[in-house]
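The values are calculated or read from the model by the stated rules, or taken from the named source; none is laboratory data. Keep in mind it's a predicted model, so treat the numbers as computed, not measured. Cβ placement follows ideal geometry from the backbone for every residue including glycine, while neighbour counts extend to all protein chains displayed.
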Amino acid sequence: MNLVLRRKLPSFSAYLFLIPAPIHHADSAIGDSFAAERRFYSTALEKKSSPSSSDASKFPEYQLPSVTWGVVQGRKERLVSRVIISDYLKSLGIVPDELADLELPSTVEVMRERVEFLTRLGLSIDDLNAYPLVLGCSVRKNIIPVLGYLEKLGIPRARLGDFVRAYPQALHASVVVELVPVVKCLRGLDVERYDIPYVLQRYPELLAFKPEGTMSTSVAYLVSIGVCPRDIGPMVTQFPFLLGMRVGTTIKPLVEYLISLGINKQILARMLEKRPYILGYDLEETIKPNVDTLLSFGVHRELLPSVIAQFPQIIGLPLKAKLSKQQYFFNLKLRIDPDGFARVVEKMPQIVSLQQNVILKPVEFLRGRAFSDEAIAKMIIKCPQVLACQVGLMKNSYYYFKSEMKRPMEELFGFPEYFTYSLESRIKPRYQKLANKGIRCSLDWLLNCSDKRFEERLQGDYIEADVPGPSFIMGGKLEMPGSQLVSEEEDDSDVEVLYRRTISL
């Protein structure tokens, strides 16, 4: 048996000399501590290989080298070392109470090396006190391999300290067993390689999940409600927290509640593809109170799906305060009563987040063109998108209307949407074609249709009567009066038309 040990030990001890010795610094004990570890390893191997090592088994206070440190110590020596290390940590301001059940290094020099390494990385004493278990990680066996792998993924070295501060538990992980499978799972979800550092920095706790656990179930549920599998990668990049959400307690109740409001499941899937952070809104604390707030401010219940589809963020805002502020502003400055304000929110829910100085600019422009406050209020209620127009573009459109088109001002009162169309790409080309043909029509007939529909109108033998524009009913088909005149080549699926008409992303 001794012969076998003598033949095996040289091959094992030879690997100790493959570890490069660190550079010695006058003000650092890193080199000395590393040399001490090597001497302990060598001494332990020599004792085990000698015939007298069999006598050590007679003394129960001595044990074989531990897997972590590889140093033979008696019970008394371990207690003394723990006391010395605890005193050293207390002298730095670190509370060692949570380290009572943790295996500590055999010498204080090794602990000093860890503390100095972590502080040079950017961690403060407060950070170490927030998670003192990080001091149980070996610099060479745990910290350096993990940080090296993270840097290889693309996380800048300057931000590794912030990463460890946000999620120090990552230093306990095994690169091969825990970190690599998570990264492979992200790549399998179509997360781009260059986006992985961003995803991990934003949600470092992702490294603690098992790919076959919460991550896979949340993705499977999203796909089951209609989310395109190819959009999962961009969704994770934009909102990686969805991989840590439980389906039964978080995702499914939220989805079912939004569907109960009348939102079509396919429309909801498109919303989640573009705005995955909706899943992060708290159902009981945020979404339901905001829905009740919209109803209390006069928004019709049947129009709630349209409001949410146009502006999904509205269910996650501090809505009551914003609506109260805007309602007061509309009543004071624009002479729009609460009922009119509710109609504005139904047509343009983004108004709740629009700055008041931005709202006043187009209003002041219209007032400067002899529009009365009453007329402006009616125009805003009919087309609140006017409030989001740039004044410079409104000026150009207005002057073209007065100088070239030479139409009465009453047409702008009746069709304020005129200011929302592009002058160069829609108004001018279409008006010139009408002028060449000698056709006179309303602004609605001229502008409120697609280019293909407009060409068909020009080629018709008669001008169809003015009809209301497209109407929208959530969960049903898009109804367009006169749609029988649209060519078959322009037909799209109901869902695509519905989504394109209702959601502006």
Just to be sure I understand, how many residues within the stretch 333-359 are under 19 Å from SER397 (Cβ atoms) and surrounded by fewer than 16 Cβ atoms within 10 Å (Cβ to Cβ)? 1
Across the stretch 379-403, which residue is modelled with the highest pLDDT among those that are surrounded by fewer than 16 Cβ atoms within 10 Å (Cβ to Cβ) and basic (Lys, Arg)? LYS395
So for the stretch 142-162 (the condition being farther than 19 Å from ARG202 by Cα, modelled with pLDDT of 90 or more, surrounded by 15 or more Cβ atoms within 10 Å (Cβ to Cβ) and over 30 Å from the mean Cα position of the chain (by Cα)), does at least one residue qualify? no
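When only residues in the stretch 258-282 that are assigned to a helix (DSSP H, G or I) and polar (S, T, N, Q) count, which is surrounded by the fewest Cβ atoms within 10 Å (Cβ to Cβ)?
Taking the candidates together, the pick is SER260.
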Members of the stretch 309-355 that are closer than 29 Å to LEU283 by Cα, part of a helix (DSSP H, G or I) and of a type in the set (S, T, N, Q): GLN310, GLN313, SER324, GLN326, GLN327, GLN350, SER353
Can you tell me which of (1) without any contact (Cβ under 8 Å) to a residue 24 or more places away in the chain; (2) within 19 Å of the chain's Cα centre (by Cα); (3) within 16 Å of GLN385 (Cβ to Cβ) is the one GLN355 doesn't meet? (2)
Look through GLY460, GLY476, GLY469 and report the one residue that is loosely packed, with under 15 Cβ neighbours inside 10 Å, modelled with pLDDT under 50 and not charged (D, E, K, R). GLY476
Flagged in the stretch 242-257 as out of contact with any Leu (no Cβ under 8 Å at 6 or more places or on another chain) and either under 13 Å from ILE308 (Cβ atoms) or surrounded by fewer than 17 Cβ atoms within 10 Å (Cβ to Cβ) (or both), in numbering order, are ARG246, GLY248, THR249, LYS252, GLU256
Considering only residues of the stretch 210-246 that are among the β-branched types (Val, Ile, Thr) and touching a residue at least 24 places away in the same chain (Cβ under 8 Å), which is farthest from ILE196 (Cα to Cα)? ILE225
Residue match in the stretch 121-130 (condition: surrounded by 16 or more Cβ atoms within 10 Å (Cβ to Cβ), acidic (Asp, Glu) and under 23 Å from TYR88 (Cα atoms)): yes
If we ask which residues in the stretch 423-438 are of a type in the set (Lys, Arg) and within 42 Å of the chain's Cα centre (by Cα), their number turns out to be 2
Restricting to helices (runs of 4 or more DSSP H) lying wholly in the stretch 141-253: which have 1 or more residues that are among the polar types (S, T, N, Q) and assigned by TED's automatic domain parsing to the domain that holds PRO276? 196-202, 216-224, 232-238
